[in-house]
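Visitor: Let me begin by handing over the structure; questions about it come next.
Please treat every number below as a calculation from the coordinates, not as lab data. What you see is a predicted model; the values in this text were computed from it and never measured. Methodologically, a virtual Cβ is constructed for each residue, glycine included, from the backbone with ideal geometry; neighbour enumeration extends over all protein chains shown.
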Amino acid sequence: MAGYARSRSPRDVVRRALEVTGPLGRSAHEHLGPAARRALRTWQWAHPRYRLRHVPPETCPDLAAEHATPLMRELAGLDMALQRGKVTNLRIAAARLDGLALGPGQRLSFWRQVGSPSARRGFVDGLVLDHGRLRAGTGGGMCQFTNLLFWVTLHTPLVVTERWRHSYDVFPDNGRTQPFGSGATCAWPALDLQVDNPTPLTFRLSVQVTDTHLHGRWYADRPVAAQFEVYEADHIMTNDAPGVFTRRNVLRRRVLEDGIEVHDELVAVNAGRLMYAPFLAAGS
């Protein structure tokens with residue numbers, strides 16, 4: 001090991017940080033400082049597989065998967081002005097992502113495509129989740145985008161190669177249509193969402209922000225043979241200390257062909273601290 005350490009160049013260090021990965025992209029770079037993480041991303045994104053292009057809808061006519069999430073949540077303590085700011089930020093990101101083609105062997109990086117969420121680029125204050133607390137932050141609201149992309153991608157043969165789970169469960173289940181732990185957090189540029197295409201198909205990402213919802217769809221250039229069902233297992237809430245609750249579950253995915261299950265695979269193991277009393281109702 002000493003000989004290896006002496007021979008490492010800065011490029012070797014960056015490559016090694018990318019290679020030491022756990023499930024869904026947990027890697028050594030989470031322990032690096034901000035400057036090192038930015039350098040790592042710059043090096044990673046320079047690879048040709050990240051160079052995606054926008055294509056017209058007719059190139060990929062077959063719908064593979066779709067999902068939509070509401071833009072506004074009526075829950076106590078949420079600043080509606082920040083939610084409106086979030087919608088502005090989502091529209092900026094949607095303009096960069098809508099129409100991207102993901103060909104065989106290519107990789108989509110959320111942050112490479114969207115870019116820095118800075119005021120100079122038009123981003124405004126929106127909702128940011130900071131260690132379980134909601135606050136204002138420039139570019140806030142991008143997690144809703146990565147949540148949506150993660151979920152809709154799980155219903156395709158595309159592979160999520162980097163995903164960061166939320167450490168806190170902020171909102172109660174009122175109106176929730178997806179299992180706990182089915183989202184993906186993000187933070188520029190270190191916490192990214194990345195998707196690989198290991199198939200011979202070309203996929204096109206379609207995203208729109210309407211008056212009420214964020215919509216995401218994957219289309220393919222020809223029909224996808226398999227169907228995908230994501231489900232929750234081993235869900236539990238534990239009272240770890242007075243007033244401290246933790247929620248845990250496992251996400252799994254069934255792969256079906258012609259309605260027959262051909263595979264059942266692990267997606268993620270989740271744990272998050274509840275930031276509300278269990279079973280709290282909306283608006284309370």
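Visitor: For the ranges 34-43, 82-91, what's the packing order if you count other beta-carbon atoms within 10 Å of each residue, average per peptide, and put the highest first? It would help to have the intermediate numbers written out before the result.
Guide: Numbers: 34-43: 15.3, 82-91: 19.2.
Peptide ranking by packing, descending: 82-91, 34-43.
Visitor: Right, here's the next one. Let me know the whole percent of all Cα-Cα pairs from segment 132-256 that are separated by more than 22 Å.
Guide: Details: 3424 of 7750 pairs.
It works out to 44 percent of all Cα pairs.
Visitor: If you take the Cα atoms of segment 116-169, find Rg, then find the Kirkwood Rh from the mean of 1/r over all pairs, what is Rg/Rh?
Guide: Ratio of gyration radius to Kirkwood radius for segment 116-169: 1.04.
Visitor: For segment 50-221, what is Rg from Cα atoms divided by 2.2 N^0.38 Å, rounded to two decimals?
Guide: Values: Rg = 15.5 Å, N = 172, 2.2 N^0.38 = 15.6 Å.
Relative to the rule-of-thumb radius for its length, segment 50-221 sits at 1.00.
Visitor: Let me check I've understood the local charge: for Leu154, count other residues with C-beta under 12 angstrom from its C-beta, Lys and Arg +1, Asp and Glu -1. What total comes out? Working shown, then result.
Guide: On the way: positive: Arg163, Arg252, Arg253, Arg254; negative: Glu229, Glu265.
After counting each charged neighbour, the total is +2.
Visitor: Now for a different question. Taking the Cβ of Tyr50 as the center, what net charge do the other residues with Cβ under 10 Å away carry, scoring Lys and Arg +1 and Asp and Glu -1? Each step should come with its number before you reach the end.
Guide: Details: positive: Arg49, Arg51, Arg107, Arg112; negative: none.
Summing Lys and Arg as +1 and Asp and Glu as -1 gives +4.
Visitor: Cβ neighbours within 10 Å, averaged per peptide: list 56-68, 235-247, 210-222 in order, most packed at the top. Provide the component values of the computation, followed by the final result.
Guide: On the way: 56-68: 15.2, 235-247: 11.6, 210-222: 17.3.
Per-residue Cβ counts within 10 Å, averaged per peptide and sorted highest first, yield 210-222, 56-68, 235-247.
Visitor: Let me ask another. By the scheme Lys and Arg +1, Asp and Glu -1, what is the net charge of all other residues having a beta-carbon under 9 Å from that of Ala220? Before the final figure, lay out the partial values.
Guide: On the way: positive: Arg204, Arg222; negative: Asp62, Asp221.
Computed value for this residue: 0.
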